[in-house]
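Participant: My structure is below; once you've seen it, I'll send some questions.
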Amino acid sequence: MIRPIAFSLSVAAILLSGCTPVSPAPVATAPAAAPVASSPLLDDVRVLSGDDMQGRDTGSAGGERARAYIVSRLEAMGVQPAPFGRLQPFEATGRTREGVKRFSGVNIVGLIPGTRVADRYIVVTAHYDHVGMNDGQIYHGADDNASGVATMLELARRLKAQAPEHSVLIVALDGEERGLLGAREFVKAPPVPLSSISLNLNFDMTARAETDGHLWVTGGYQHPDLRRILEPIPAQGAVSFAFGKDTPQDTGENNWVDSSDHAAFHEAGVPFLYMGVEFHPDYHRPSDTFERINPAVFTSATELAIAGFHALDKGLDH
Ligand SMILES: [Zn+2]
């Protein structure tokens, strides 16, 4: 997730003034009473936010390792490539703390065919890049956005066990932190016609819901019909949907319509919903680590996101 540029720069200034590196603790050995301490969902976040991923900056060796991991997960689940292949490489100008620069990025795309309306698509997105390393410190990006990728992979796993009604594109986007670069490439050269996409459902920061107990849904103001489908869904554990951050009255960092990859779909006229948690003190800091994720909260937020997907899949295109 990205904040408006002026705010990002002020955050960068604060970051420069005093952060201590946080080295990851070994993965906790789960006591029997903690059933969610290990799962594919948690393993994916742990791996993607590990030191060897070096913050997953677009075009970096760490980003390439993250990509190889995600591709291997999709292959292991039997998620087939998109019509144009598994990968969508691109070059684009993106922003850094020092100014603009050219980036080479690669989106990862999988396809899960639908049963009821196979010619209509739900495009599920989650960006796998993060901001890399700054001043020798790894920005781990566990919540932002290893979490969203893990939620998306968990959804893919469920859909391989029970096929969706719509065809689903599972898209791990690159270059989000540099200015939604991968999302803009995707809508510029989509693997299926944009007119066949019923919805972009974007996951960005799905773990740290403990701040206010909510997984926020942005886009309901623009698409009240979509919001109505999600409103009846009950809380999962300690996490419930909250709707907003999308009206003309929501300004600055309290408006999330342009804050992540869904903005590229919205600008292209594709209906969108964004799901993500409130900002927290570890946002865009080296301390956004796996260890700071509450496994039960993250698992609940993921269950809620998946329940939301199923309601939309069943509710659209009748
Ligand atoms: Zn971010």
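Rule-based calculations on the coordinates, nothing more; no lab input. Being a predicted model, the structure only gives us computed values, none of them experimental. Virtual Cβ from ideal backbone geometry, glycine too; neighbours counted across all protein chains shown.
Participant: For segment 143-160, enumerate the residues that are buried (at least 24 other Cβ atoms within 10 Å of the Cβ), closer than 15 Å to Ala76 by Cβ and among the charged types (D, E, K, R).
Facilitator: Answer for segment 143-160, where residues must be buried (at least 24 other Cβ atoms within 10 Å of the Cβ), closer than 15 Å to Ala76 by Cβ and among the charged types (D, E, K, R): there is none.
Participant: Considering only segment 70-79, state which residues are surrounded by fewer than 20 Cβ atoms within 10 Å (Cβ to Cβ) and touching a residue at least 24 places away in the same chain (Cβ under 8 Å).
Facilitator: Let us first name the residues in segment 70-79 that are surrounded by fewer than 20 Cβ atoms within 10 Å (Cβ to Cβ), namely 71-72, 75-78.
Passing the criteria: Val71, Met77, Gly78.
Participant: Let me ask another. Could you count how many residues in segment 88-97 are among the β-branched types (Val, Ile, Thr) and in a loop (DSSP other than H, G, I, E, B)?
Facilitator: Residues that pass the stated criteria total 0.
Participant: Take segment 80-111 and flag every residue that is surrounded by 23 or more Cβ atoms within 10 Å (Cβ to Cβ) and over 17 Å from the mean Cα position of the chain (by Cα).
Facilitator: Scanning segment 80-111 gives a single hit, Phe103.
Participant: Could you go through segment 31-45 and let me know if any residue there is under 17 Å from the mean Cα position of the chain (by Cα), under 21 Å from Asn294 (Cα atoms) and of a type in the set (Ser, Thr, Tyr).
Facilitator: Checking segment 31-45: not a single residue is under 17 Å from the mean Cα position of the chain (by Cα), under 21 Å from Asn294 (Cα atoms) and of a type in the set (Ser, Thr, Tyr).
Participant: When you scan segment 98-149, how many residues do you find that are within 16 Å of the ligand (Cβ to nearest atom) and either free of Cβ contacts under 8 Å to residues at least 40 places away in the same chain or assigned to a strand (DSSP E or B) (or both)? Outline the logic, then answer.
Facilitator: Taking segment 98-149 as the starting set, the residues that turn out to be within 16 Å of the ligand (Cβ to nearest atom) are 103, 105, 125-134, 137-149.
Add one more test, that the residue is either free of Cβ contacts under 8 Å to residues at least 40 places away in the same chain or assigned to a strand (DSSP E or B) (or both), and what stays is 103, 105, 125-127, 133-134, 137-138.
Residues meeting the conditions: 9.
Participant: Within segment 51-65, which residues are surrounded by fewer than 22 Cβ atoms within 10 Å (Cβ to Cβ) and not in a helix (DSSP H, G or I)?
Facilitator: Those that are surrounded by fewer than 22 Cβ atoms within 10 Å (Cβ to Cβ) and not in a helix (DSSP H, G or I): Gly59, Ser60.
Participant: Checking the conditions here, which among Ser196, Ser240, Ser260 is of a type in the set (Ser, Thr, Tyr) and touching a Lys or Arg at 6+ places or on another chain (Cβ under 8 Å)? Break it down into steps so the answer makes sense when it comes.
Facilitator: On the way: Ser240 fails: touching a Lys or Arg at 6+ places or on another chain (Cβ under 8 Å); Ser260 fails: touching a Lys or Arg at 6+ places or on another chain (Cβ under 8 Å).
Being of a type in the set (Ser, Thr, Tyr) and touching a Lys or Arg at 6+ places or on another chain (Cβ under 8 Å) holds for just one of Ser196, Ser240, Ser260, which is Ser196.
Participant: Just the residues that are within 16 Å of the ligand (Cβ to nearest atom) and among the polar types (S, T, N, Q), please, taken from segment 210-245.
Facilitator: Step one: of segment 210-245, the residues within 16 Å of the ligand (Cβ to nearest atom) are 211, 216, 218, 245.
Listed by number, the residues that qualify are Thr211, Thr218.
Participant: Now for a different question. Six or more apart or on different chains, Cβ under 7 Å: which pairs go from a residue in segment 201-222 that's free of Cβ contacts under 8 Å to residues at least 60 places away in the same chain to one that's part of a strand (DSSP E or B) and of a type outside the set (Lys, Arg)? Could you list them?
Facilitator: What qualifies is Gly213/Val239; Gly213/Ser240; Thr218/Tyr274; Gly219/Phe272; Gly219/Leu273; Gly219/Tyr274; Gly220/Phe243.
Participant: Sticking with this one: Can you tell which of Ala296, Ala305, Ala311 is within 18 Å of the chain's Cα centre (by Cα) and more than 16 Å from the ligand (Cβ to nearest atom)?
Facilitator: Working: Ala296 fails: within 18 Å of the chain's Cα centre (by Cα); Ala311 fails: within 18 Å of the chain's Cα centre (by Cα).
Step by step, each of Ala296, Ala305, Ala311 is checked, and only Ala305 is within 18 Å of the chain's Cα centre (by Cα) and more than 16 Å from the ligand (Cβ to nearest atom).
Participant: Okay, moving on. So which pairs qualify, if the first residue must be in segment 284-304 and more than 20 Å from Trp216 (Cβ to Cβ) and in contact (Cβ under 8 Å) with a residue 60 or more places away in the chain, the second must be acidic (Asp, Glu) and more than 16 Å from the ligand (Cβ to nearest atom), the Cβ gap must be under 6 Å, and the two must be at least 6 apart or on different chains?
Facilitator: none
Participant: Go through (1) in a loop (DSSP other than H, G, I, E, B); (2) closer than 16 Å to Ala301 by Cα; (3) away from the ligand (no atom under 16 Å from the Cβ) and name the single condition Ala207 misses.
Facilitator: (3)
Participant: Residues of segment 152-192 being more than 16 Å from the ligand (Cβ to nearest atom) and in a loop (DSSP other than H, G, I, E, B), which ones?
Facilitator: Gln162, Ala163, Pro164, Glu165, Ala189, Pro190, Pro191, Val192
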